[in-house]
Amino acid sequence: MIPAAFEYYRPKDMDGVLSILEEHGDDARVMAGGHSLIPMMKLRMADVPHLIDLQDVGGMSDIELTADSIRIGALVTQADIIDHARLAAAAPILREAALQIADPQVRYMGTIGGNVANGDPGNDMPGLMQCLNASFTVVGADGERDIPAREFYEAAYMTAREDEEVLTTVTIPLPKGGYAYEKQKRKIGDYATAAAAVQIVKDGSNCVSASIAMTNLSDTPIYSEDASAALVGTAVDAAALDAAVAAMLEDIDPTEDNRGPIAFKNHVAGVILRRAITRAWSRA
Amino acid sequence: MKDEVTREERVDNLKGMGCSRKRVEDARFTQGKGNYVDDVKLDGMIFGDFVRSPYAHARIKSIDTAAALEVPGVLAVLTAADLEPLGLHWMPTLAGDKQMVLADGKVLFQGQEVAFVVAEDRYAAADGIEAVEVEYEELPVLVDPFEALKSDVVLREDLVAEDGSIPDGAHGPRKHANHIFTWEAGDKDPTEEVIANADIVAEEEMYYHRTHPCPLETCGCVASMDKVNGKLTLWGTFQAPHAIRTIVSLISGLEEHNIRVISPDIGGGFGNKVGAYPGYVCSVVASIVTGKPVKWIEDRMDNLMTTAFARDYWMKGKISATKEGKITGLHCHVTADHGGFDACADPTKFPAGFMNICTGSYDIPTAYLEVDGVYTNKAPGGVSYRCSFRVTEAVYFIERMIEVLAIKLDMDAAELRRINFIKKEQFPYTAALGWEYDSGDYHTAWDKALKAVDYEGLRAEQAQRVEDFKAGKTRKLMGIGLSFFTEIVGAGPVKNCDILGLGMFDSCEIRIHPTGSAIARLGTISQGQGHATTFAQILASEIGLPADSITIEEGDTDTAPYGLGTYGSRSTPVAGAATAMAGRKIRAKAQMIAAYLLEVHDNDVEFDVDRFVVKGAPEKFKTMKEIAFAAYNQAIPGIEPGLEAVSYYDPPNMTYPFGAYVCVMDIDVDTGVPEIRRFYALDDCGTRINPMIIEGQVHGGLTEALAVALGQEIAYDDMGNCKTGTLMDFFLPTAWEVPNYETDYTVTPSPHHPIGAKGVGESPHVGGVPCFSNAVQDAFRPFGNTHTNMPHDHWRIWKAANELGLHG
């Protein structure tokens, strides 16, 4: 549990970060809270000869709310999200999800930027961001660009961010309607056996829009467009729930691990999604 | 002189037995001032760490250390070839087998120690490990003990004769190259006859999965060989420091007086720290070779994957009864998976520990037990994880068999227990498998427990729940887990308990200081049990000096009297008895001194709380404080100066704590998630020394029981890869997962123990595992379940529901 030797950098600004990245290419990694990367380094599963700590780079620790969107800096911690009253009012699903991530000690260090950028299929925020149709701002030598969360994840630990780019901001359109983040896990601190993020908008007695994403049931988070579509125009009755679950099961591709075999995970994914939709609908 | 202080106040001032005295250890532990082995820092200290095998079974073709020796800071790399000239490439195990210290030509489990890298710091050692090049040739892997007993693959070539025959092992004849021993207890033919002719026979096969004690502090040591005076000092996480000293002496050839073993503060043991591990031997050798102190500390993965597994018993049972439910016979066969080496920590004559306590709390006239030990490609160990030797397995077995029999009889399991309990008037009771239970009052405890939880009401609620479930009104089932256990602790009588020939007595040495305070040293070692608090309380009551004035010291073999250490709940039954007996020697001498000072005959004074008084004249007395001063400073004819005593206690019998537990659980059939609504634990540990510490021990033991029952396992894939080597997958419950515990008690003192105490630290684990498991099983009983194996994690509970057709 001792990492290989590495060079530690703590630049004061983003130019400093980018110049180190440019010099060392994929031998360098940036670190926000470090709660994914450092364990990987200690297990010698990640080899990072040049580690760049972002803590002294300013401008990435704010939560800004506007009339139609939320901007969250990459260095905002899960604890910051939980404690932010206006954010909790504007997008309560963020708080509900953050409270189910790891444990309080980890949440004081773990950041939203690290959580979404690392590409770990077990992390909760990527699926949630897909549900909320967020976009990620990355900055590189050629300037900034925005990448939709729904196009960001390519495979486990593989994302649309280039090695020389840094994820700086998460922007979320102000969510509407009812919400739920439902997660089954073996114990506190565990990754999900299955988790579902649901936002749902009701008009009269019918669903007019829905968004569904699943966590830790494939090598990337799964935004299920078909499952979402299955609810729209319905009264979210039993038939609609069945259709949404069936559509979601077409999209996920779980693997067997110590949490259980594939049949179990598929079954639990269905149960969790059903509960998430039901709860979100009750809040819509 | 008028005595201003009432007798009651004098009793309170002592903080003796029965007082919930606050733990004196906690002031340092809660302020980060403990002194653990990793806190030992010596001048010039260097560090060792292991190259470990990635394979479960492989031949080692070559080990190239050249590149590792080039790594800056690396000082040496030891392999079996380096240890062989010293005869230290193998070491004896506690079970009469031998174990490779460093891989000698092959490896038998993933994580096995292959080479020991010694470096200036831990970082250099870790880099050095990466640079050691080992060439392996993979061999067929055996992870299933039943397969191992049929396989042509020989795991231990060292245990097969040149002509291919199988020599006897430490415990008698072996049936196969991968077979270790067969151990029997009870009467085979009569038991089989009773079962063959019985009205009712219930049969079940159950696997008690492999798991691992998980103390917060892992194992480690610091070895320091002083080449000038020839003395070796060994600090380490040892649950039995004196035994380690003797073993080190026997292995190394160093004379025992030249070895000092020190167990500093220990961060939990639970059996993990009883055995001797390759890290200790390699650290000692490295210190002898380099002349420098060498530290070795396991990381969490080393700990989980290589030192001291527990359980791994495949148990097959038959239980017979009359139509009315009176049990007539019990038959048990165990296939015991011991891994690559037989390193079980059991008394020598008991290769399956006290598994023969498997008749439990019941009056079973005829019984037979047979255990076959088997080698596989898994880590060695077989320790008693928060229990006396293999008692959790025994109690799990009988408490499951009772439930299975209740199903067969279509009878309430609480009632079945009640009609089969050993009755109060039958004690001392000799069980069919040989043990003499010292005392018990099971019916009283059981009735109290069932009344406390409103058992009838719970059953009515459960019946309604089943109706609601069938009607589609709920998807949660309710389980009522019952367990009644009898522990067998306090090993033990030297006549039948020894480890490597070391008799399992224990000891206490007391010195009273002239001003009326004292130090007592014991052969045990606390790992969190609170000995410094409770042993002082025993002494306070015995010698009449306040517990706050008594220092308890353990763990330094240069100062403490010889003892066999702390595990198997033996500290209070054995060392606690020694403490009381040594205290009584002090008191006997104090009586003579008091009589002299009071100018009366010895028989004319009597002990009263904190003093000796003249019989019939309580205003004439000498306090123990006054007596202590006189003992040192007054010339008393015929009496030596000083006030000291030592006692070595060889218990006449084990002690038999017992308890009655009830768990109420709700189970989400669709996700497999269990929710513990209520847990009631009644413990009878005989005389209660410190009720607060007892409650703490019960909470801890129940939590480890919850862990084992609901998910904690060491699992391997078919290639022998350990799948649960980190705390991500190895279940260690936190406050979040732990329910509220309701504790209760009855008091049935041990008739043969000087203060009637029986030991309690492990009871809740022993009784808790079957209670949690029975709750899960009971929830599914109305749908046809008889047994499903632990650990009851989400997917296995889901699987049970699925197989019963509960998912539609």
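For the range B:389-438, how many residues meet the condition of being within 14 Å of B:Ser320 (Cα to Cα) and of a type in the set (S, T, N, Q)?
1
When the residues of the range A:256-277 are narrowed to those that are more than 8 Å from chain B (Cβ to nearest Cβ) and open to solvent by less than 10 Å² (accessible area, probe 1.4 Å), which ends up farthest from B:Ala801 (Cα to Cα)?
Here the residue is A:Ile277.
Yes or no: B:Leu482 surrounded by 24 or more Cβ atoms within 10 Å (Cβ to Cβ), assigned by TED's automatic domain parsing to the domain that holds B:Pro674 and more than 29 Å from the chain's Cα centre (by Cα)?
no
Please determine whether any residue of the range A:3-10 is open to solvent by less than 30 Å² (accessible area, probe 1.4 Å), within 14 Å of another protein chain (Cβ to nearest Cβ) and touching a Pro at 6+ places or on another chain (Cβ under 9 Å).
No: zero hits.
I need every pair where a residue in the range B:251-268 that is under 17 Å from B:Asn229 (Cα atoms) has its Cβ under 7 Å from the Cβ of a residue that is open to solvent by 50 Å² or more (accessible area, probe 1.4 Å) and at pLDDT 95 or above, sequence separation at least 6 or different chains.
Every condition considered, the pairs that remain are B:Asn258/B:Lys231; B:Arg260/B:Lys231; B:Arg260/B:Asp558.
For the range B:677-725, which positions are outside any helix (DSSP H, G or I) and among the small types (Gly, Ala, Ser)?
If the condition is that a residue be outside any helix (DSSP H, G or I) and among the small types (Gly, Ala, Ser), then B:Ala681, B:Gly686, B:Gly711, B:Ala715, B:Gly720, B:Gly725 are the ones that fit.
Within the set of pairs 6+ apart or on separate chains, which have a first residue in the range A:35-60 that is small (Gly, Ala, Ser), a second that is part of a loop (DSSP other than H, G, I, E, B), and C-beta atoms under 7 Å apart?
Sorted first by the residue in the range A:35-60, then by its partner, the pairs are A:Ser36/A:Asn118; A:Ser36/A:Asp120.
Yes or no: B:Leu86 touching a His at 6+ places or on another chain (Cβ under 7 Å) and of a type outside the set (Asp, Glu)?
Against the criterion (touching a His at 6+ places or on another chain (Cβ under 7 Å) and of a type outside the set (Asp, Glu)), B:Leu86 does not qualify.
Condition test on B:Met728, is it part of a loop (DSSP other than H, G, I, E, B), open to solvent by 10 Å² or more (accessible area, probe 1.4 Å), within 14 Å of chain A (Cβ to nearest Cβ) and out of contact with any Cys (no Cβ under 8 Å at 6 or more places or on another chain)?
Yes, satisfied.
I'm checking my understanding of the structure. Among residues of the range B:289-314 that are more than 14 Å from every other protein chain (Cβ to nearest Cβ) and of a type in the set (Phe, Trp, Tyr), which one is farthest from B:Glu204 (Cα to Cα)?
B:Phe309
Applying the selection to the range B:301-316, what residues are within 21 Å of B:Leu433 (Cβ to Cβ) and surrounded by fewer than 23 Cβ atoms within 10 Å (Cβ to Cβ)?
B:Trp314, B:Lys316
Within the range B:146-153, can one find any residue that is open to solvent by less than 60 Å² (accessible area, probe 1.4 Å), in contact with a strand residue (DSSP E or B) (Cβ under 7 Å, 6 or more places away or on another chain) and more than 14 Å from chain A (Cβ to nearest Cβ)?
Yes.
Among the residues of the range B:7-44, count how many are polar (S, T, N, Q) and open to solvent by less than 70 Å² (accessible area, probe 1.4 Å).
1
Filter the range B:789-808 down to the residues that are open to solvent by 30 Å² or more (accessible area, probe 1.4 Å) and in a loop (DSSP other than H, G, I, E, B), then identify the one that is nearest to the other protein chains (Cβ to nearest Cβ).
It comes out as B:His807.
What is the number of the single condition among (1) within 14 Å of chain A (Cβ to nearest Cβ); (2) closer than 27 Å to B:Arg390 by Cβ that B:Ala243 does not meet?
(1)
Quick check, is B:Asn774 more than 14 Å from chain A (Cβ to nearest Cβ) and more than 27 Å from B:Val143 (Cβ to Cβ)?
Considered against the rule, which asks whether it is more than 14 Å from chain A (Cβ to nearest Cβ) and more than 27 Å from B:Val143 (Cβ to Cβ), B:Asn774 comes out as yes.
Which pairs turn up if I take residues in the range B:408-437 that are part of a loop (DSSP other than H, G, I, E, B) and look for partners that are open to solvent by 70 Å² or more (accessible area, probe 1.4 Å) with beta carbon separation below 6 Å, at least 6 apart in sequence or on another chain?
Taking only residues 6 or more apart or on different chains, the pairs are B:Pro428/B:Glu436.
From the list A:Asp226, A:Asp237, A:Asp219, which residue is in contact with an Asp or Glu (Cβ under 8 Å, 6 or more places away or on another chain), more than 14 Å from chain B (Cβ to nearest Cβ) and surrounded by fewer than 16 Cβ atoms within 10 Å (Cβ to Cβ)?
A:Asp226
So, B:Leu643, is that one assigned by TED's automatic domain parsing to the domain that holds B:Ala413, in contact with a helix residue (DSSP H, G or I) (Cβ under 8 Å, 6 or more places away or on another chain) and not basic (Lys, Arg) or not?
Here the answer is no, as B:Leu643 does not meet what is asked.
Can A:Arg44 be described as within 14 Å of another protein chain (Cβ to nearest Cβ), closer than 30 Å to B:Asp127 by Cβ and not aliphatic (A, V, I, L, M)?
yes
Which numbered condition trips up B:Gly638, out of (1) on the phi > 0 side of the Ramachandran plot; (2) away from every other protein chain (no Cβ under 14 Å); (3) open to solvent by less than 10 Å² (accessible area, probe 1.4 Å)?
Failed condition: (3).
Need at least 1 residues that are within 14 Å of another protein chain (Cβ to nearest Cβ) and open to solvent by less than 40 Å² (accessible area, probe 1.4 Å) per element, so show me which strands (runs of 3 or more DSSP E) inside the range B:92-139 make the cut, counting only ones lying wholly within it.
By residue number, B:113-119.
Scan the range B:731-752 residue by residue and report those that are of a type outside the set (Asp, Glu) and open to solvent by 50 Å² or more (accessible area, probe 1.4 Å).
Across the range B:731-752, the qualifying residues are B:Leu732, B:Thr734, B:Ala735, B:Trp736, B:Asn740, B:Thr743, B:Tyr745, B:Val747, B:Pro749, B:Pro751.
Can you tell me how many residues within the range A:192-205 are within 14 Å of chain B (Cβ to nearest Cβ) and assigned to a loop (DSSP other than H, G, I, E, B)?
Of the residues in the range A:192-205, 2 are within 14 Å of chain B (Cβ to nearest Cβ) and assigned to a loop (DSSP other than H, G, I, E, B).
Name, by its number, the condition in (1) among the aromatic types (Phe, Trp, Tyr); (2) more than 14 Å from every other protein chain (Cβ to nearest Cβ); (3) touching a helix residue (DSSP H, G or I) at 6+ places or on another chain (Cβ under 8 Å) that does not hold for B:Phe783.
Condition not satisfied by B:Phe783: (3).
Between a residue in the range A:97-114 that is assigned by TED's automatic domain parsing to the domain that holds A:Leu167 and any residue that is surrounded by fewer than 16 Cβ atoms within 10 Å (Cβ to Cβ), which pairs come within a Cβ distance under 7 Å, given they are 6 or more apart or on different chains?
Cβ pairs passing all conditions: A:Asp103/A:Ile188.
The values are calculated or read from the model by the stated rules, or taken from the named source; none is laboratory data. The shown structure was predicted, so the numbers you read here are calculated from the model rather than taken from an experiment. For neighbour counting, all protein chains shown are included, and Cβ atoms are generated from backbone atoms with ideal geometry for every residue, glycine included. With ligands, DNA and RNA removed, areas are computed over all heavy atoms of the protein, side chains included. Shrake-Rupley method; radii C 1.70, N 1.55, O 1.52, S 1.80 Å.
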